[in-house]
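The values are calculated or read from the model by the stated rules, or taken from the named source; none is laboratory data. Owing to the predicted nature of the structure, the values given are computational and were not obtained by experimental measurement. Virtual Cβ from ideal backbone geometry, glycine too; neighbours counted across all protein chains shown. Calculation scope for accessible area: heavy atoms of the full protein, side chains included, ligands and nucleic acids excluded. Shrake-Rupley method; radii C 1.70, N 1.55, O 1.52, S 1.80 Å.
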Amino acid sequence: MDTARAFIDTERQWGAPNYASLPVVLQRGRGAEVWDVEGNRYLDFMSAYSAANFGHCHPRIVRALTEQVNTLDIVSRAFHSDKLGAFLQKACETTGHQAALPMNTGAEAVETAMKAARKWGYERKGITPDQAEIICCANNFHGRTTGIISMSTSAQARGGFGPYLPGIKPIPFNDADALAAAITRNTAAFLVEPIQGEAGIIVPSADYLARCARICKAQNVLLIADEIQTGLGRAGHALACHGYDVQPDAVVIGKSLGGGAIPVSLFLARRDVMDVLTPGCHGSTFGGYPLAGAVGLEALSILEDEDLCQRALDTGGYLIERLRPYEGAKIKQVRGRGLMIGVELHGAAKASAQLVTHLRARGILCKNVDSNALRLAPPLNIPPELVEEFLHAFEYALERL
Ligand SMILES: *Cc1c(COP(=O)(O)O)cnc(C)c1O
């Protein structure tokens, strides 16, 4: 513990206090396993908020990254590179979209979506200048920029950072009637997480997204899905929307798109939406740089080659089936899709934090989310014996609660 303490103290002394990290100092990772500086081994049931969907240090990601970094690192979009086109093509084919715009972090992709929606609203829909509205959902999580936190309904995320962006309309999640009622002729887009992640793995009713899609289509409003967490296999499909038979007009993906190694995000859309972003109006120095192209293409290929959507459905279905019987005195509800699983406890938020601590003592790393729930999200290719190891640890930890 002393070794860990020193690392934690140094971070605390020199770092900003904007995270309350759990007291584990990780040093090494491989697949679904990670080791701390004292040599303790853990199963990663967090996957860095789904940035590590393919497991840590996937050999194919490591190879793509090192080969590219030894060949060409960055050119900026002032020039073309031999890696960008194939990456964008693969991303469009994977998600069913017509065009893609590369950024780095998820928040940047969401900002891109907001800018594109506004410009599309003015140029294609004829919205009155500077009056465009974006409808979002209560308890959303879309990132941390000043623009994005203007959509947040969390006092913690927003408080002290005003003034906020105008033209934002939050409505309740999982309420298609509220969407229909909120739309005006100035509405450019409805931005939604198909399954709310940070809010506590909130799975909407089966017809919610399809109803939203119909409403948006009828009113000429863009349905934009934030699939930064739900996408790329996490919820059992390339896009969680596909699991609801919905093709959004635009989508943002990120997190595991960088193979767990580098930040890579994309805004993808129909051609008529994308084409409002003309030269000079938007961009990013690192967005779509050769490293991102090489790693992003490899990540999308791994998703396909390892059949990770199906594996997430199979392993997730099995986990939920094994966890459901625990619903009762301590556990209120087990819910989820694919390997995006929420275990909600009864009572105050303290219970889920305690369960997290007990699980850590048994070698499982995970974290509770905002509501009194545990997020279980191991890498999509977690082998069956590690799932069994988790279930043993879970039973033990629950008994201790
Ligand atoms: C993580 C996340 C983001 C923000 O991504 P960053 O890379 O942290 O900027 C946006 N939306 C959702 C749903 C996320 O889970």
(message) With the requirement that a residue be within 16 Å of the ligand (Cβ to nearest atom) and buried (at least 22 other Cβ atoms within 10 Å of the Cβ), what does the range 92-110 give you?
(response) 95, 101, 102, 103, 106, 108, 109, 110
(request) Could you check how many residues of the range 22-54 are without any contact (Cβ under 8 Å) to a residue 12 or more places away in the chain and small (Gly, Ala, Ser)? (result) 1
(request) Go through (1) farther than 30 Å from residue 68 by Cα; (2) within 16 Å of the ligand (Cβ to nearest atom); (3) more than 13 Å from the chain's Cα centre (by Cα); (4) not aromatic (Phe, Trp, Tyr) and name the single condition residue 249 misses. (result) (2)
(message) Go through (1) open to solvent by 20 Å² or more (accessible area, probe 1.4 Å); (2) closer than 30 Å to residue 293 by Cα; (3) more than 13 Å from the ligand (Cβ to nearest atom) for residue 166 and report which single condition fails.
(response) (2)
(request) Output the residues belonging to the range 253-308 that are away from the ligand (no atom under 16 Å from the Cβ), closer than 18 Å to residue 113 by Cβ and open to solvent by 10 Å² or more (accessible area, probe 1.4 Å). (result) 270, 271, 272, 274, 275, 277, 278, 281, 282, 283
(message) Suppose we filter the range 336-385 for residues that are open to solvent by less than 50 Å² (accessible area, probe 1.4 Å), of a type in the set (Lys, Arg) and in a loop (DSSP other than H, G, I, E, B); how many remain?
(response) 0
(message) Restricting to the range 179-198, name every residue that is touching a Cys at 6+ places or on another chain (Cβ under 9 Å) and within 13 Å of the ligand (Cβ to nearest atom).
(response) 191, 192, 193, 194, 196
(message) Quick check on my filter: what residues within the range 13-52 are of a type in the set (Gly, Ala, Ser), more than 16 Å from the ligand (Cβ to nearest atom), open to solvent by less than 30 Å² (accessible area, probe 1.4 Å) and under 16 Å from residue 375 (Cβ atoms)?
(response) 32
(request) Just need a number here: residues in the range 91-112 that are farther than 11 Å from residue 274 by Cβ and in contact with an Asp or Glu (Cβ under 9 Å, 6 or more places away or on another chain). (result) 6
(message) With the requirement that a residue be more than 14 Å from the ligand (Cβ to nearest atom) and either open to solvent by less than 10 Å² (accessible area, probe 1.4 Å) or within 14 Å of the chain's Cα centre (by Cα) (or both), what does the range 220-245 give you?
(response) 221, 222, 223, 233, 236, 237, 238
(message) Given the criteria modelled with pLDDT of 95 or more, out of contact with any Phe, Trp or Tyr (no Cβ under 6 Å at 6 or more places or on another chain) and part of a strand (DSSP E or B), does residue 223 qualify?
(response) no
(request) Tell me, please, whether a residue that is more than 11 Å from the ligand (Cβ to nearest atom), open to solvent by less than 50 Å² (accessible area, probe 1.4 Å), aliphatic (A, V, I, L, M) and out of contact with any Leu (no Cβ under 6 Å at 6 or more places or on another chain) can be found in the range 153-162. (result) yes
(request) Taking only the range 122-152 into account, find how many residues are of a type in the set (D, E, K, R) and within 13 Å of the ligand (Cβ to nearest atom). (result) 1
(request) Check the range 17-27 and report whether any residue there is in a loop (DSSP other than H, G, I, E, B) and β-branched (Val, Ile, Thr). (result) yes
(request) Of the conditions (1) open to solvent by 10 Å² or more (accessible area, probe 1.4 Å); (2) at pLDDT 95 or above, residue 199 clears all except one; give me its number. (result) (2)
(message) Cβ contacts < 7 Å: first residue of a type in the set (D, E, K, R), restricted to the range 192-218; second residue part of a strand (DSSP E or B), any location; separation 6+ or different chain. Result?
(response) 193/226; 198/369
